[in-house]
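Colleague: Sharing a structure with you now.
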Amino acid sequence: MSGVPNYFLAVCDILGFSDFVRTQALEDVIAHGIGGLRQALYFSMYSKVPPKSLEWSEFQNHGQVGVAWFSDTILLYTKLDTDEAIRSLLSVVSSLIFFMMGRHTRLRAGLAYGPAYVDSPNAMFVGQPIIDAARLEEQQQWSGGALHESACERVRRVAGATPPMDWWVIPYAVPLKGGETLHTLAVNWNEGIHAPDWRLRWSSTSTDPSANDWAERPDVCHKFVQTRRFHEIFCRDCNPRR
Ligand SMILES: [Zn+2]
């Protein structure tokens, strides 16, 4: 694959999106679901409030990170194979996951690294890292993000086994479907600043899943518990001992 540039990329999925589309009016999906996510993505990329009328072209101007979007899947990729671009991408992914937690929209990301063909104007994205990232995204039993071995290797090469905080990753046994875990680097979305009394809530009306929720949607409840555990272990606002 000589001559083909390497990309560090993240495949991000909106959990429960098919149910959301099936049960809500499409106008609400666009205005509240996708609209809120677009605003959060803009804020995560540029660290400023998005303009009132947010055009898609606004997302293409970032110096380090490119974006593509299809239904419930967002692809973020480095525009250059530099450490700075990779840290920037990891910062965007962690910020986006954190913001959407507060809005009770759960995202899940798989990240990988390697040679790929990226032709954004023609919407062509092909390569092993995209497949690796998409598979790892789908395997995780939580809301969060995990790095494929290819991405871990790229980060550890320059940042060591336990990268400093500005790499936005942390070693963790990521929960997978079927009760397995994957010892890897997880996206550390816990650094989003929040009040000490903020809690990762099940929904806008309830702190924890009810008995009914456990009976009807045990899989979603289980993912929520794993997600909150990760946050409570690593969040320095919730856990001042850290
Ligand atoms: Zn916290």
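Since every read-out is calculated from the coordinates, none of them should be taken as a lab result. Nothing here was measured: the structure is a model prediction, and the numbers come from that model. Cβ placement follows ideal geometry from the backbone for every residue including glycine, while neighbour counts extend to all protein chains displayed.
Colleague: Cut-off 10 angstrom, C-alpha nodes, Gaussian network model of the chain. Which of LEU15, LEU176, LEU54 fluctuates the most?
Modeller: In this elastic network of the chain, the residue with the biggest mean-square fluctuation among LEU15, LEU176, LEU54 is LEU54.
Colleague: Restricting the calculation to Cα positions, tell me the Rg (one decimal) and the Dmax (whole number) of the range 34-95 in Å.
Modeller: Calculated on Cα positions, Rg and Dmax stand at 11.2, 33 Å.
Colleague: Mind checking the full-extension length gain between ALA195 and ILE131? Use 0.36 nm per residue of separation minus the Cα-Cα distance, one decimal, nm. Present the calculation step by step, with values, prior to reporting the outcome.
Modeller: Values: separation 64, 0.36 × 64 = 23.04 nm, distance 3.78 nm.
Taking 0.36 nm per residue and subtracting the Cα distance, the gain is 19.3 nm.
Colleague: Could you give the length gained on full extension between SER203 and ASP81, defined as 0.36 nm per residue of separation minus the Cα-Cα distance, in nm? Walk me through the numbers on the way to the answer.
Modeller: On the way: separation 122, 0.36 × 122 = 43.92 nm, distance 3.87 nm.
Answer, rounded to one decimal: 40.1 nm.
Colleague: Another one. Using Cα positions and a limit of under 15 Å, work out the aspartates and glutamates in reach of LYS79, with same-chain residues fewer than 8 apart set aside.
Modeller: Within the straight-line cut-off, LYS79 pairs with ASP119.
Colleague: LEU182's amide H: which non-local residues (gap 5+, or another chain) put their own amide H closer than 5 Å, with H modeled 1.01 Å from N in plane and none for Pro or chain starts?
Modeller: VAL174, LEU176
Colleague: How much net charge surrounds ILE14 when only other residues with a Cβ under 14 Å from its Cβ are counted (Lys, Arg +1; Asp, Glu -1)?
Modeller: Computed value for this residue: +1.
Colleague: Within the range 107-128, name every residue whose backbone N is under 11 Å away from a label modeled 7 Å from Cα of ARG157 along the Cβ vector.
Modeller: Inside the label zone: 113-115.
Colleague: Taking the Cα centre of the chain as origin, work out the dipole magnitude from +1 charges on Lys and Arg Cβ and -1 charges on Asp and Glu Cβ, in debye rounded to 20. Spell out each step's value before the answer.
Modeller: Working: 23 positive and 26 negative charges, 107 e Å.
Magnitude of the dipole: close to 520 debye.
Colleague: Separate question: Residues with beta-carbon under 15 Å from that of THR227, excluding THR227: net charge, scoring Lys, Arg +1 and Asp, Glu -1? Walk me through the numbers before you get to the answer.
Modeller: Values: positive: ARG103, ARG106, ARG108, LYS177, ARG199, ARG201, ARG217, LYS223, ARG228, ARG229; negative: ASP13, GLU137, ASP208, ASP213, ASP219, GLU232.
Charge balance near THR227 sits at +4.
Colleague: A further question follows. Taking Cα pairs under 8 Å and at least six residues apart, what relative contact order does the chain come out at, in percent?
Modeller: Working: 394 pairs, mean separation 46.7, N = 242.
Relative contact order comes out at 19 percent.
Colleague: Which trypsin sites (Lys or Arg not before Pro) does the range 1-74 hold that lie in a coil by DSSP with at most 13 other beta carbons within 10 Å? Could the numbers behind the result be given before it?
Modeller: On the way: sites: ARG22, ARG38, LYS48, LYS52; in loops: LYS48, LYS52.
Sites meeting the loop and neighbour criteria: LYS48, LYS52.
Colleague: What do you get for Rg/Rh over the range 127-242 if you use C-alpha atoms and the Kirkwood form of Rh? All intermediate terms of the calculation are to be shown ahead of the outcome.
Modeller: Working: Rg = 15.6 Å, Rh = 15.6 Å.
Over the Cα atoms of the range 127-242, Rg/Rh equals 1.00.
Colleague: For every helix of n ≥ 4 consecutive DSSP H residues, a contribution of -39,500 (n - 2.57) applies; sum these over the chain, divide by its total residues, and give [θ] at 222 nm rounded to the nearest 500 deg cm²/dmol. If you can, show how the numbers build up before the last one.
Modeller: Values: 7 runs with 85 residues, N = 242.
So the calculated ellipticity at 222 nm is -11000 deg cm²/dmol.
Colleague: Normalise the Debye intensity by I(0) for the chain, one equal point scatterer per Cα, no solvent, then take log10 at q = 0.17 Å⁻¹ and round to two decimals.
Modeller: -1.39
Colleague: Still on this model: Taking just the C-alpha trace of the range 1-138, give me its Rg and Dmax in Å.
Modeller: 14.8, 48
Colleague: List the DSSP H helices in the chain whose Cα atoms stretch 24 Å or more along the helix axis and whose mean Kyte-Doolittle hydropathy is at least 1.0.
Modeller: Working: long enough: 83-102 (29 Å, 1.25); 218-234 (25 Å, -0.49).
Sorted by number, the helices that extend far enough and score high enough are 83-102.
Colleague: Have a look at TYR113, TYR77, TYR42 and tell me which one the Gaussian network model of the chain (Cα, springs below 10 Å) gives the largest fluctuation.
Modeller: TYR42
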